[in-house]
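Engineer: My questions will all concern the structure given below.
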Amino acid sequence: MKVLVIGLGGVTNGGKTTLAEKLKNMLPNCDIISQDDFFKPESEVETDERGFKLYDVLDALYMDEMVASIRNWMKNPASSGVVTEEPQNTCDNLKNVYILIVEGFLLYNYEPLNELWNRRYFLTLPYEECKRRRSTRVYQPADTPAYFDGHVWPMYLKYKSELEENASVQVDYLDGTKSQEELLSYVYRDIIQELNKLREESK
C-alpha cells in the first residue's frame, strides 16, 4: 500500500476547497482533510490591540491535532471511509494507492507538516480580487470593518514571503484568477504523473 499526500494551500478565497472536492471526484481512493476543521474556538483565539481576532495565524489552529489526523490517515487510509472504487479515466494498477488532499491557508509554514507532502500547491490572488471574493462570503464570526486590510491580507503576505524564502520547500504556485477548469486540469495531470511514478516504483 502506498499513500500520496497532496497539499492544496494558499490565499483565502483562492478556490482551495472547490478544487479539492473536484479532484476527489476524479482521483482513485481519495480523501480530504480541511485545515478549517482545526480552528480553536473563538474564546481561545487571541485579540490584538485593534480588537481584531487573530484567526490567520498558526496559533489560532490546533496544528498538533491536524498533524496527528494526517499521520493517522497515512497509517490506515482504508479505514477512513474513502471510496475504493476507481474512477474510469484513471490509470490501472492503482488500487493500493491512496491519496489524501489537505486543503488550507497555512499548510507550509509549520515544520512538522513539511515532511509529509508529496506535492505542494499554493493558490495566489491579487489584492483586489481576493478582497472582492472575501466580501461575498459570510464568516462566523463575521469580518469586522478593516479586518481584511488590517489582518487577513498582511498575514497572507507575511506567510507567503516566509515560504518563498525557504529554499528547502518546493511549492507549485497557481494563479487563482484562472478558471477552475484550467486549474483542475493542471493539478489533476500533475497528480496523475505522481501516481504513475508510484506505479513504476511498485513494479
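The values are calculated or read from the model by the stated rules, or taken from the named source; none is laboratory data. The shown structure was predicted, so the numbers you read here are calculated from the model rather than taken from an experiment. So basically every Cβ, Gly included, is an ideal-geometry build from the backbone, and we count neighbours across all protein chains shown. For the accessible areas, the whole protein counts, side chains as well, though only heavy atoms, and no ligand, DNA or RNA atoms are used. Shrake-Rupley method; radii C 1.70, N 1.55, O 1.52, S 1.80 Å.
Engineer: How much accessible surface does T12 have with a 1.4 Å probe, in Å² rounded to 10?
Structural biologist: For T12, solvent-accessible area is about 20 Å².
Engineer: Per DSSP H run of n ≥ 4, the term is -39500 (n - 2.57); total these for the chain, divide by its residue number, and report the mean residue ellipticity at 222 nm rounded to 500 deg cm²/dmol. Show your work: numbers first, answer last.
Structural biologist: Numbers: 6 runs with 72 residues, N = 203.
It lands at -11000 deg cm²/dmol.
Engineer: Percent relative contact order of the chain, based on C-alpha pairs within less than 8 angstrom and at least six residues apart?
Structural biologist: Details: 260 pairs, mean separation 73.9, N = 203.
It rounds to 36 percent for the chain.
Engineer: Ignoring any ligand, DNA or RNA, what whole percent of the accessible area of segment 1-160 comes from carbon and sulfur when the probe is 1.4 angstrom? Intermediate results must be reported in sequence, preceding the final value.
Structural biologist: Working: 3800 of 7930 Å².
Looking at segment 1-160 in its full context, I get 48 percent from C and S.
Engineer: Rounded to the nearest 20 Debye, what is the dipole magnitude of the chain about its Cα centre when Lys and Arg each give +1 and Asp and Glu each give -1 at the C-beta?
Structural biologist: 540 debye
Engineer: Another question, if that's okay. Can you tell me what the convex hull of the Cα atoms of the chain projects to on average, as an area in nm²? Working shown, then result.
Structural biologist: On the way: hull surface 47.6 nm².
Directional mean of the projected Cα hull area for the chain stands at 11.9 nm².
Engineer: Would you mind checking which residues have amide H under 5 Å from L61's amide H? H placed 1.01 Å from N; only 5 or more apart, or other chain.
Structural biologist: Under 5 Å from the amide H of L61 lie the amide H atoms of K40, each far enough along the sequence or on another chain.
Engineer: Taking H as built 1.01 Å from N, whose amide H comes closer than 5 Å to the amide H of I101, not counting residues under 5 places away?
Structural biologist: Correct list: I6, D31, I32, I33.
Engineer: Could I ask something else about it? I need the phi-derived Karplus couplings for segment 113-122: 6.51 cos²θ - 1.76 cosθ + 1.60, θ = phi - 60°, integer Hz, Gly and Pro marked x.
Structural biologist: Karplus-based 3J(HN,Hα) across segment 113-122 equals 7, 5, 7, 9, 6, 8, 9, 10, 10, 9 Hz.
Engineer: Another question about this same structure. Trypsin sites (Lys or Arg not before Pro), restricted to segment 135-176: which are DSSP loop and have at most 16 other Cβ atoms within 10 Å?
Structural biologist: On the way: sites: R137, K158, K160; in loops: R137.
Here the trypsin sites (Lys or Arg not before Pro) that fit, given the DSSP loop and packing criteria, are R137.
Engineer: Which of the pairs K2/K24; K24/K178; K24/K158; K75/K160; K53/K75 have their Cα atoms more than 24 Å apart in this structure? Numbers along the way, then the final one.
Structural biologist: Working: K2/K24 17 Å; K24/K178 20 Å; K24/K158 30 Å; K75/K160 30 Å; K53/K75 36 Å.
Distance filter (> 24 Å) returns K24/K158; K75/K160; K53/K75.
Engineer: Membrane-span-like helices in the chain: DSSP H runs reaching 27 Å or more (Cα, own axis), mean Kyte hydropathy at least 1.0? Mind dumping the intermediate values first?
Structural biologist: Details: long enough: 180-201 (31 Å, -0.88).
None pass (Cα extent of 27 Å or more, hydropathy at least 1.0).
Engineer: If you take the square roots of the eigenvalues of the alpha-carbon gyration tensor of segment 141-203 and sort them as a ≥ b ≥ c, do you get rounded (a/c under 1.5), prolate (a/b over b/c) or oblate?
Structural biologist: Working: a/c = 3.29, a/b = 1.96, b/c = 1.68.
In terms of gyration-tensor shape, prolate.
Engineer: Residues of the chain: accessible area per residue at 1.4 Å, in Å²?
Structural biologist: Values: 10670 Å² over 203 residues.
Result: 53 Å² per residue.
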